[in-house]
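Visitor: Attaching a single structure in structure tokens format; questions to follow.
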Amino acid sequence: MNPRPRIRLVGLVFALLSGVIATPAADRAPVEHGVVQYKILLDTVTKGYDGNYCWVHPRAGIVPRGENRPPAVVLTMQKLWLKGSDVFFALTEMRSNDLGRGWMGPYEHTDTLGRRDEPGGAIVAASDFWPKWHAKSGKLLGIGHTVRYTNNRVDGNASRQTVYSVYDPARREWTAWKALVLPDDASSFNSGAGSVQRVDLPDGDILLPVYGKRKGEADYRSRILRCRFDGTTLSLVEAGNELSVKGGRGLGEPSLARFGGKYYFALRNDLAGYVATSTDGLHFDAPRLWRWDDGTDLGNYNTQQHWVTHRDGLFLVYTRRGASNDHVIRHRAPLFIGQVDVEKLAVRRSTERILVPDRGARLGNFGVTEVSPDETWVTVAEWMQTFSPQLIIPVDNPRGADNSVYAARIQWEKPNDFLAW
């Protein structure tokens, strides 16, 4: 009989009785009650910077490839013109067949995911894209929104739509992006799913966060659209209630997570980050400010927040003030992760860790990918714009930013990894 399982069991009983479970870390510090343990490995997908353009919005989708073969990783991103404001070009992809050990690309999809000319001289682009595997249809479905330009300036009065595209892994191509059809009402003229984190339900329906503003209003409203995807077409089923606050451009770039049978909604505002909850994923309670578990302000503002979920814990990924980072525009670096106290609806201060370090460039636009039950990635690029009047971070800068595209690999510790036996 192999004695090892018995030794592990004895070790586990001892650990539980003593209240301390040893970790693989060198210091083997005591583990705080209820805190999920993990390692962080930081990989660089690509890097390089010419001072004129930089990669932004890197987000990865997974394409399963059968037994004993790792999934393919399809990471989309797009170029930003540094002399403008949110001036984006065609979506481009990087691919990996070995979970990021090697990458192919970049491959630009100008024909299907590029800019389009519109009457009157306007140009429309698909941006803020997020690919995610849709299990029910067996398709990699990417969703983003449109942005319209006149003379390479964003037209804030133009309409905005949610757009989507489907990936063909055999041909390694994306379908031409199409707009989600919405009712002709006040909430639909300016409504997009840019940089949002969706939840796919077991029946295949999609809970898709969107945000927009009505004509004449300054503040954005966020809500959930329950959608259906048949492998080709994304269609609306029903809409949830709208959330907003007065000032700070309202609530935008929403992200959704499901944990413990409850739904959590993270929302951006110019002055602070907000969070709301729901039991059905459509109808949410009043948004409240993000705080530490001691009741003080988290310090996140004017920046996206996204979720990392694990069966034993819910995590927020965010940026914030107060990290010796006044040199970074909107304090958007470093990129942090912290476990959420779901009872207090607050971030546990003792669990905060740095996912991606501060090298002088902002890290606020990022994505989260569930690669496997044992690993989650957070992907982000160094956005090479800074405060006016300088605006563009020089190629040779003292902090070393070079538009690196990162994959911060969160590797979840298995229960046996905590046993020192």
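Taken together, the values in this text are just the output of simple stated rules run on the coordinates, not laboratory data. On a predicted model such as this, the values are computed, not experimentally measured, just so you know. All Cβ positions, even for glycine, are placed from backbone atoms using ideal geometry, and neighbour counts span all protein chains on display.
Visitor: Looking at the chain, which longest stretch skips every one of the trypsin sites (Lys or Arg not before Pro) that is in a DSSP loop with at most 12 other Cβ atoms within 10 Å, leaving the sites themselves out?
Guide: 312-421
Visitor: If the chain were replaced by its equivalent ellipsoid, with semi-axes equal to the square roots of 5 times the Cα gyration tensor eigenvalues, what would those be, largest first, whole Å?
Guide: In descending order the semi-axes read 35, 24, 24 Å.
Visitor: Hey, what number do you get for the chain at 222 nm if only DSSP H runs of n ≥ 4 count, each worth -39500 (n - 2.57), divided across all residues, to the nearest 500?
Guide: -1500 deg cm²/dmol
Visitor: Work out the length of the dipole vector of the stretch 184-283 about its Cα centre, built from +1 on the beta-carbon of each Lys and Arg and -1 on the beta-carbon of each Asp and Glu, and round it to the nearest 20 debye.
Guide: 320 debye
Visitor: Lysines near LYS246 by alpha-carbon distance under 30 Å, same-chain residues fewer than 8 away left out - which ones?
Guide: Those lysines meeting the cut-off are LYS213, LYS215, LYS262, LYS344.
Visitor: Students often forget the sequence filter, so: which lysines lie under 25 Å Cα-Cα from LYS47 once same-chain residues fewer than 8 apart are removed?
Guide: Answer for LYS47, where 25 Å is the Cα cut-off: LYS39, LYS79, LYS83, LYS132, listed by chain and number.
Visitor: If you put +1 on each Lys and Arg Cβ and -1 on each Asp and Glu Cβ, how big is the dipole of the chain around its Cα centre, in Debye rounded to 20?
Guide: The calculated dipole for the chain is roughly 240 debye.
Visitor: Given the C-alpha centroids of the stretch 322-391 and the stretch 135-208, what is the distance between them in whole angstrom?
Guide: 24 Å
Visitor: Could I ask something else about it? Put +1 on the Cβ of every Lys and Arg and -1 on every Asp and Glu Cβ in the chain; which of GLY322, ALA266, PRO202 then has its Cα farthest towards the positive end of the dipole?
Guide: Towards the positive end, the residue furthest out is GLY322.
Visitor: Next question. Putting +1 on Lys and Arg Cβ atoms and -1 on Asp and Glu Cβ atoms, find which of ASN151, ALA239, SER165 reaches farthest to the positive end of the dipole of the stretch 131-283.
Guide: Projecting each Cα onto the dipole axis, the largest value belongs to ASN151.
Visitor: Mean separation of Cα pairs under 8 Å and 6+ residues apart, divided by the residue count of the chain: what relative contact order is that in percent?
Guide: 15 percent
Visitor: So, with +1 on the Cβ of K and R and -1 on the Cβ of D and E, and no other charges, what is the size of the charge dipole of the stretch 64-190 about its Cα centre, to the nearest 20 debye?
Guide: 360 debye
Visitor: Note the angle between two axes, namely the Cα long axis of helix 4-18 and the longest principal axis of the Cα atoms of the chain, as a number of degrees from 0 to 90, rounded to the nearest 10.
Guide: In the chain, helix 4-18 runs at an angle near 80 degrees to the longest axis.
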